[in-house]
Amino acid sequence: MDFFAGSLISGLQLGSIYALIAIGYSIVYGILRLINFAHGDLLMVATYGAWILIARGLSLPFAVIGSVLITVAFGLVIERAAYRPLRDAGEEATLITSLAVSIFLQNLFLMVFTPKNRAFALPGFFSEKLVLGGAGSITITNMSIVIFVVTGGLIAAVSLIIKKTRLGIAMRACAENSTAAKLMGVNLNAVVVFAFVVGSALAAVAGVLYSGQYVSFNPSMGFMIGIKAFAAAVIGGIGSFAGAAAGGVLLGVLEILFACYLPEGAGVYQTAFVFLVLIVVLLFKPNGLFGAAEGRRS
Amino acid sequence: MLEARNLKVSYGHIDAVRGITFRVEAGEIVSLIGANGAGKSTTLRAISGLIRPRAGEIVFEGKPIEKAPPHELVKLGIVHVPESRQIFGRLSVAENLALGGYRARDKHALSERLDYVFGIFPILKERYRRSSGVLSGGEQQMLAIGRALMSGPKLLLLDEPSLGLAPIYVQRVMDVISQLRDRGITILLVEQNVHEALHISDKTWLLENGRIVLFGKSGELLYNEQIRDSYLGGGI
Ligand SMILES: Nc1ncnc2c1ncn2[C@@H]1O[C@H](COP(=O)(O)OP(=O)(O)O)[C@@H](O)[C@H]1O
Ligand SMILES: [Mg+2]
C-alpha cells in the first residue's frame, strides 16, 4: 500500500510536468493544426538557460525567470522564422519543418555545450523529505511539493486566462474557426504569438522542474519527453486544454506504475507500454478522451 | 461609401470575379444577386480582406483597402457576416457576442450595443449563457448578425442571411436589415432569395459568371424581364 502511494506520488509528479508540456502542444495545434515537434526541445533550452544563469551567480528564482524569458524568446523566433512563412503551406510542410527545427536546436546545443551530461546543483532543501504517513514509509520531498504547487498553480492560471480573458476567448475562437475569428477583428498573428508565449513559458518551467528532479541533462533530453508529452496531448484530445492536462497526468502515473509493477524484466519497457496505452485509447476514442468531435470549418 | 473598380479575384486558376466595378452609397441597402457560383461570396471576401484581389481597387470612405487585413477592416467599420453563419458553436452566446466587440474598447458603447442587440433579438438574451452550438438555425443567424453589430459597423456585408431559414425567420431577418439601414448602417446584401432582396434593397447589382451584367433601382428591377425570367421564376 505504501509502495503504491509512493509510486502514485511519483507518477503524479511526472504527470504534472508532462501536463505543462502537453498544454503547449495542444494550444498551438488547436490554432494552427501544427504539431510542433520542436516544443520538447524548448525544455532543453530552458534547462541550459537556467544552468548558465545559475553558473553566472544568479539566485535560483531569478535564474528560472531568466530561463523562461530565454525560452519564450526562442519560441517566438521559431514561430516567426520557421512557421509563419509556411502558414498556408499545409500540415505536412509545417510538421516536417518542426522536425527540422528540433534537429537544428539539438545540434546547436550539442555544438555549444557538447553532449556531456550536466546536472543542477540544487540546494539541499529540495531533497529534504516530509513524512506523510504510513509510519514514516510514505514521504515526499520538498522538490515534489514545489513541482505540485508550481504545476498546479500554472495550470489553474492558464486555464483562467483561456476561459476569461479577451485573448483567451479569441484563442478558443481561432481554434474553432480562424476565418470567422478574423472577421471578428481578431489578429490571428497576435493570437499565435500569445499561444507560443504561453506554450514556451510552460515548457520552460517544465524543463527546469524536470531537470531539477531527474538529475542529469544533455542536448537530446527534449526528444523523448517531448514525444511523451505529445502522446499525452493526443490521449487527452489534442487541441483541448483540459485534455492535455488530464492526458499528461494520466500518462505520468501510468508510466511510473508500469515501471514499478510490471514483472521483473518488463519494467524497463515502461515507455513501450506507455505508447501501447496511446494506441488503445486511440482505437476506442480516435479524438482522445476530451477531444472535440467536430472538425474545423474554415 | 464603398467602391470597387475592376476587381478581379481568383482561386488558383479559377477566376471567380472577373473585373467588376460597383458602388455602395452610404445609408443604402444594396443587394448583390446572382446564381450559385456567380462570385458573390468571393466579392464579399475580397472586401472584408479574407482574400487578396488579383487586381483592381476597393475604396472605402476614400481610402484604398484592398491590401488591408480583416482585423484592420473591422476597425474601419466593415463587418462581414459570412455564408452559413459561422458562429463559434463551442463558445457561449455571451462569448460570441464578446468576440463581435473584440475591436471595440469602449465599455459604455459595448453595453449599449448589447442592449440594442437584445432589443432586436430577445432570444439572445434568454440564451446568453448557453452554448451557441445548441441554437436553432434561425437563432444562429440572429447571433451572427447580433455579433456583427457589437463592433458598431458602418458597413455590414451580409452573405445569404436568409439561407436555410424558416419563412417566419426570413421575415424577421429582413425586417431587422431594414431597421439597421434606418439606424444609419449601410448594407451590402448578398441573396439568392432575389424576391426578398429586390423588395428590401434600394439598388441592386446582378452578377453572372464573375461579371456585373445589370444594375438598377431595386424597385424597377422587379419588373425587368431578364430578372423576371431568370431569377423570379417568370412571375412574382
Ligand atoms: N475556396 C475556393 N476554392 C476554389 N474555388 C472556389 C472557392 N470558393 C469559391 N470558388 C469558386 O469561385 C466561384 C465563385 O464562388 P462564390 O463566390 O462562392 O459564388 P457565390 O457566392 O455567388 O455562389 C465558383 O466557381 C466557385 O466554385
Ligand atoms: Mg455564396
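Between residue A:59 and residue A:166, what is the label-to-label distance in nm when each label sits 7 Å out along the Cα-to-Cβ direction?
A separation of 3.6 nm, rounded to one decimal place.
What accessible area per residue, rounded to a whole number of Å², is obtained for region A:18-82 using a probe radius of 1.4 Å? Mind dumping the intermediate values first?
On the way: 2140 Å² over 65 residues.
Result: 33 Å² of accessible area for each residue.
Kindly give Rg over Rh for the protein assembly as shown, based on alpha-carbon atoms, with the Kirkwood expression for the hydrodynamic radius. Spell out each step's value before the answer.
Details: Rg = 28.0 Å, Rh = 25.9 Å.
Computed over Cα atoms, the ratio is 1.08.
Per residue of B:100-109, how many C-beta atoms from partner chains lie within 10 Å of its own C-beta, taken as a mean?
Values: counts 3, 3, 10, 4, 1, 1, 0, 0, 0, 0.
The shielding value for this peptide is 2.
Among the lysines, select those whose C-alpha is under 22 Å from the C-alpha of residue B:63, and discard any that sit fewer than 8 residues away in the same chain.
Qualifying lysines at Cα under 22 Å: A:182, B:8, B:75, B:154.
At 0.36 nm per residue, and after removing the present C-alpha to C-alpha distance, how many nm does the segment from residue B:108 to residue B:8 gain when stretched out fully? Can you show the working numbers first?
Numbers: separation 100, 0.36 × 100 = 36.00 nm, distance 4.05 nm.
This chain segment gains 32.0 nm when fully extended.
In region A:108-125, which residues have a backbone nitrogen under 17 Å from the label point lying 7 Å from residue A:216's Cα in the Cα-to-Cβ direction?
A:110, A:113-122
What's the ranking of A:5-14, A:135-144, A:60-69 by average number of surrounding C-beta atoms within 10 Å, highest first?
Details: A:5-14: 19.7, A:135-144: 15.2, A:60-69: 17.7.
My ranking of the peptides, most packed first, is A:5-14, A:60-69, A:135-144.
For region B:126-226, what is the accessible area per residue in Å², given a 1.4 Å probe and the full set of protein chains?
Values: 4210 Å² over 101 residues.
On a per-residue basis, 42 Å².
Given R₀ = 25 Å, FRET efficiency for residue B:125-residue B:84 by Cβ-Cβ distance, to 0.05?
Numbers: r = 24 Å, r/R0 = 0.97.
It comes out at approximately 0.55.
Put a dot 7 Å past each Cα toward the Cβ at residue A:107 and residue A:260; how far apart are the dots in nm?
4.2
Take the alpha carbon gyration tensor of region A:199-298, find the square roots of its eigenvalues, order them as a ≥ b ≥ c, and report rounded if a/c is under 1.5; if not, report prolate when a/b exceeds b/c, else oblate.
Values: a/c = 2.44, a/b = 1.24, b/c = 1.97.
Oblate, because a/c is 1.5 or more while a/b does not exceed b/c.
Give me the distance in nm between label points sitting 7 Å out from Cα along the Cα-to-Cβ direction at residue A:271 and residue A:284, one decimal.
Calculated label separation equals 2.6 nm.
Could you tell me which of rounded, prolate or oblate describes region A:1-48, using a ≥ b ≥ c as the square roots of the eigenvalues of the alpha-carbon gyration tensor, with rounded for a/c under 1.5 and, failing that, prolate when a/b is larger than b/c and oblate otherwise?
Details: a/c = 4.79, a/b = 2.05, b/c = 2.33.
Judged from the Cα gyration tensor, region A:1-48 comes out oblate (a/c at least 1.5, b/c at or above a/b).
Taking region A:82-123, which trypsin sites (Lys or Arg not before Pro) meet the DSSP loop condition and have no more than 16 other C-beta atoms within 10 Å?
Within region A:82-123, the qualifying trypsin sites (Lys or Arg not before Pro) (loop, at most 16 other Cβ atoms within 10 Å) are A:87, A:116.
What number comes out for the charge environment of residue B:79, summing +1 per Lys or Arg and -1 per Asp or Glu over other residues with Cβ under 11 Å away? Display every interim value, and only then the final one.
Working: positive: B:75, B:103, B:147, B:154; negative: none.
Computed value for this residue: +4.
What is the distance in Å between the Cα centroid of region A:201-222 and that of region B:190-233?
66
When only Cα pairs under 8 Å and 6 or more residues apart are kept, what is the percent relative contact order across chain A?
On the way: 468 pairs, mean separation 107.2, N = 298.
Over chain A, the number comes to 36 percent.
State the extension gain, in nm to one decimal, for the chain segment bounded by residue A:88 and residue A:2, taking 0.36 nm per residue of separation less the distance between their alpha-carbons.
On the way: separation 86, 0.36 × 86 = 30.96 nm, distance 5.34 nm.
Additional length available on full extension: 25.6 nm.
Return the value, in Å² to the nearest 100, of accessible area buried between chains B and A (probe 1.4 Å, both sides summed). Numbers along the way, then the final one.
Values: alone 11100 and 14080 Å², together 23040 Å².
The contact between A and B buries close to 2100 Å².
Can you give me the % of accessible surface on the protein assembly as shown that is carbon or sulfur? Probe 1.4 Å, all protein chains present, nothing else counted. Write down the numbers at each step before the final one.
Details: 13870 of 23040 Å².
Of all accessible area on the protein assembly as shown, carbon and sulfur atoms account for 60 percent.
So if a site counts as exposed when it's one of the trypsin sites (Lys or Arg not before Pro), its DSSP state isn't H, G, I, E or B, and it has at most 12 other Cβ atoms within 10 Å, what's the longest stretch of chain B without one?
On the way: sites that count: B:67, B:105, B:129, B:183.
The segment B:1-66 is the longest one with no such site.
Accessible area per residue, 1.4 Å probe, Å², for region A:129-186: what's the number? Can you show the working numbers first?
Working: 2420 Å² over 58 residues.
Per residue, region A:129-186 has an accessible area of 42 Å².
Could you compute the net charge surrounding residue B:215? Neighbours are other residues with a C-beta less than 15 Å from the C-beta of residue B:215; K and R count +1, D and E count -1.
Overall, the nearby charge balance is 0.
Could you tell me which of rounded, prolate or oblate describes region A:2-284, using a ≥ b ≥ c as the square roots of the eigenvalues of the alpha-carbon gyration tensor, with rounded for a/c under 1.5 and, failing that, prolate when a/b is larger than b/c and oblate otherwise? Don't skip to the answer; put the middle values down first.
Details: a/c = 1.61, a/b = 1.37, b/c = 1.18.
Prolate shape, in that a/c is at least 1.5 and a/b is the bigger ratio.
How large is the helix-only mean residue ellipticity at 222 nm for chain A, computed as the sum of -39500 (n - 2.57) over DSSP H runs with n ≥ 4, divided by its residue count, in deg cm²/dmol to the nearest 500?
It comes out at -24000 deg cm²/dmol, rounded to the nearest 500.
Would you mind giving the mean number of other chain beta-carbons within 10 Å of the Cβ of each residue in A:183-196, as a whole number?
Working: counts 21, 17, 15, 6, 7, 3, 2, 1, 0, 0, 0, 0, 0, 0.
Per residue, the average neighbour count from other chains is 5.
So which chymotrypsin sites (Phe, Trp or Tyr not before Pro) in region B:154-236 end up in coil per DSSP with only 14 or fewer other C-beta atoms within 10 Å? Working shown, then result.
On the way: sites: B:169, B:205, B:215, B:223, B:231; in loops: B:223.
Sparse-neighbourhood loop chymotrypsin sites (Phe, Trp or Tyr not before Pro): B:223.
Per residue of B:65-71, what is the mean number of Cβ atoms on other protein chains within 10 angstrom of that residue's Cβ?
On the way: counts 0, 0, 0, 0, 4, 9, 10.
Counting other chains' Cβ atoms within 10 Å and averaging over B:65-71 gives 3.
Whole Å is fine, so just give me how far the alpha carbon centre of region A:1-49 lies from that of region B:1-62.
So the two Cα centres are separated by 47 Å.
The values are calculated or read from the model by the stated rules, or taken from the named source; none is laboratory data. This structure is a prediction, so every number in the text was calculated from the model and none was measured. Neighbour counts are summed over all protein chains in view; Cβ atoms, including those assigned to glycine, are modelled from backbone coordinates with ideal geometry. Heads up: the accessible areas ignore ligands, DNA and RNA and are worked out on the full protein's heavy atoms, side chains in. Shrake-Rupley method; radii C 1.70, N 1.55, O 1.52, S 1.80 Å.
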